[in-house]
1. In nm, what is the difference between 0.36 nm times the number of residues separating residue 79 and residue 34 and their Cα-Cα distance?
2. Give 11/69; 25/90; 49/90; 11/90; 12/69 a once-over and call out the pairs whose C-alpha atoms are over 27 Å from each other.
3. Once you put a point 7 Å from the Cα of residue 47 and another 7 Å from the Cα of residue 63, both along the Cβ direction, what distance in nm separates them?
4. Could you tell me which of rounded, prolate or oblate describes the stretch 11-127, using a ≥ b ≥ c as the square roots of the eigenvalues of the alpha-carbon gyration tensor, with rounded for a/c under 1.5 and, failing that, prolate when a/b is larger than b/c and oblate otherwise?
5. I need the peptides 101-110, 48-57, 62-71 ranked by packing, meaning the mean over residues of other C-beta atoms within 10 angstrom, with the highest value on top.
6. Between residue 116 and residue 14, 0.36 nm times their residue separation minus their Cα-Cα distance comes to what?
7. Find the relative contact order for the stretch 11-127 and round it to a whole percent, using C-alpha pairs within less than 8 Å whose residues are 6+ positions apart.
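Just so it is clear, none of the values below were taken in a lab; they were calculated from the coordinates. Source: prediction; values computed, not measured. Cβ coordinates were reconstructed from backbone atoms using ideal geometry, including for glycine residues, and neighbour counts include every protein chain displayed.
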Amino acid sequence: MTAPPKARRPKKEHSDQVRLVMRVKVFMPHVIIAAIPNGADISAAQRIKLAQEGLYSGFPDLMLFSKDKPDLFIEMKREKNGRLSDEQIKCHQALADIGKKVITCHGFDEAWKVVQEWDSGTPQTINQTTATPRTPTACCNDQPPICWLMAHRLGHSAPKAFG
């Protein structure tokens with residue numbers, strides 16, 4: 001019996017990520033942006049090799065670094081029905097537990113706004129995730145939000161865990 005084929009990354013999510021990377025490279029040359037190929041369409045043997053080399057299941061899609069700014073990790077999702085996997089939730093929480101900022105963005109527009117706010121140092125919407133258990137909100141398709149940013153942008157109040 002063979003394993004079912006791995007679900008492919010939606011093309012819209014891919015094109016939004018490519019567009020974001022290109023825009024950051026053009027308009028923010030002082031920012032280092034790098035991708036983690038967790039969603040790559042590769043064979044089982046290649047996946048094992050990459051895991052041995054340190055590929056971490058559930059790791060955010062993008063990492064951004066800049067002088068005098070906290071590291072930023074972005075998980076790109078489709079604008080509609082983009083959900084986090086259990087592995088992503090665990091990994092993002094592990095990053096939050098060591099003080100890293102992880103933000104899930106639905107679509108290019110949301111991701112670009114997050115990056116601009118991070119680059120300008122606007123702290124009110126870039127919120128570090130916490131180790132405190134979170135309650136799901138309707139805007140997050142019953143998935144725990146990685147930060148209150150998504151709920152805030154969609155007009156919902158922050159989950160109680162975020163105070």
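1. Details: separation 45, 0.36 × 45 = 16.20 nm, distance 2.15 nm.
Net length gain for the segment: 14.1 nm.
2. On the way: 11/69 31 Å; 25/90 29 Å; 49/90 22 Å; 11/90 25 Å; 12/69 29 Å.
Exceeds cut-off: 11/69; 25/90; 12/69.
3. 2.2 nm
4. Values: a/c = 1.56, a/b = 1.41, b/c = 1.10.
The shape class here is prolate.
5. Packing order, densest peptide first, comes out as 101-110, 62-71, 48-57.
6. On the way: separation 102, 0.36 × 102 = 36.72 nm, distance 2.01 nm.
Fully extending the segment from residue 116 to residue 14 adds 34.7 nm.
7. Computed value for the stretch 11-127: 25 percent relative contact order.
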